[in-house]
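Here, each number is a calculation from the coordinates, and none is a lab measurement. Because the structure is a prediction, the values reported are computed rather than measured. Here the Cβ positions follow ideal geometry from the backbone for every residue, glycine too, while neighbour counts run over all protein chains shown.
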Amino acid sequence: MGTVTLGVSIAVPEPYGSLLQQRRTGFGDLAAHGIPTHVTLLPPTEVDADRRPEIEEHLARVAAAGRTFPMRLAGTGTFRPLSPVVFVRVVEGASECGRLQERVRAADGPLARELRFPYHPHVTVAHGIAEEAMDRAYEELADFEAAWTTTGFALYEQGEDGVWRLQREFAFGGAPTLPLPHQPAFSRPPAPSL
C-alpha cells in the first residue's frame, strides 16, 4: 500500500491564518500556497499508509486527554543561521504545545520519532528564501499579534504535488470528530515543508 507523509498541527484561525499566509507569499516564499498557517506538533513524518487507522486512534486518545488553552502570538524570531526560518513567536501556550507534541510523538505510539532540533513552537512566515526577504519578514511582522483559544489539533497529509491537505480534526476533551471530505488544494504546489 506504500507510504504517506503526515503532519500534525494546530491551525492558526481566521483571519490570522490567511493574513500570515498572504504575507509569507508576499515575502517570496512559494511554499506558502500549499501550507496552511499552523503551529507544528509533528513535523513531516513518513509512515506506512496502512497504519492510518492506528494513527488516527492514537491522535483521538491524545485529543481526548487534552484541554483547551489560550494561545497568543506576538513578534518575530528566527532560527538563522542554524536554519533559514523566520517565524512569529508563540508567547502564550508554548508549554501546552510542548506537552501536546510529546504525547503525539509518544515512544510507545505509532508516531514515535526523534526531532532534528529541540521542539520550539512557532509559526513560520519565511523559509529558505533570500536573506533580504527574510530580514523584511522579520521586521515587517515584528508588531504582529494574535490570540485565540486552542480547542484541538489536526492531521494533514502531503500530496504528491507537495500540498498539505487537512485529513481530520481532533477536538480536545473527547468531543467526537469525523474524517473530513476531500479538501481542495491551494492554488500552487509548494516546496515540501510543513
Label-point gap, in nm, between E114 and E145 - each point 7 angstrom along Cα→Cβ: 4.1
Distance in nm between pseudo-label sites at R67 and S83 (7 Å out along the Cβ direction from Cα): 3.0
Likely footprinting exposure, L111, L166, fewest C-beta neighbours within 10 Å first: L166, L111
Directionally averaged projected area (convex hull, Cα atoms, the range 62-170), nm²: 8.1
Gyration tensor verdict on the range 44-99 (Cα atoms; rounded if a/c is under 1.5, prolate if a/b is larger than b/c, oblate otherwise): oblate
Interatomic Cα distance distribution for the chain, bins of 5 angstrom, percent: 1, 8, 16, 21, 21, 17, 10, 4, 1, 0
Spacing of the two label points (7 Å from each Cα toward its C-beta) at D48 and E132, in nm: 5.1
Residues F172, F87 arranged by fewest to most Cβ contacts within 10 Å: F172, F87
5 angstrom amide H check on E92, placed H, neighbours 5+ away: R72
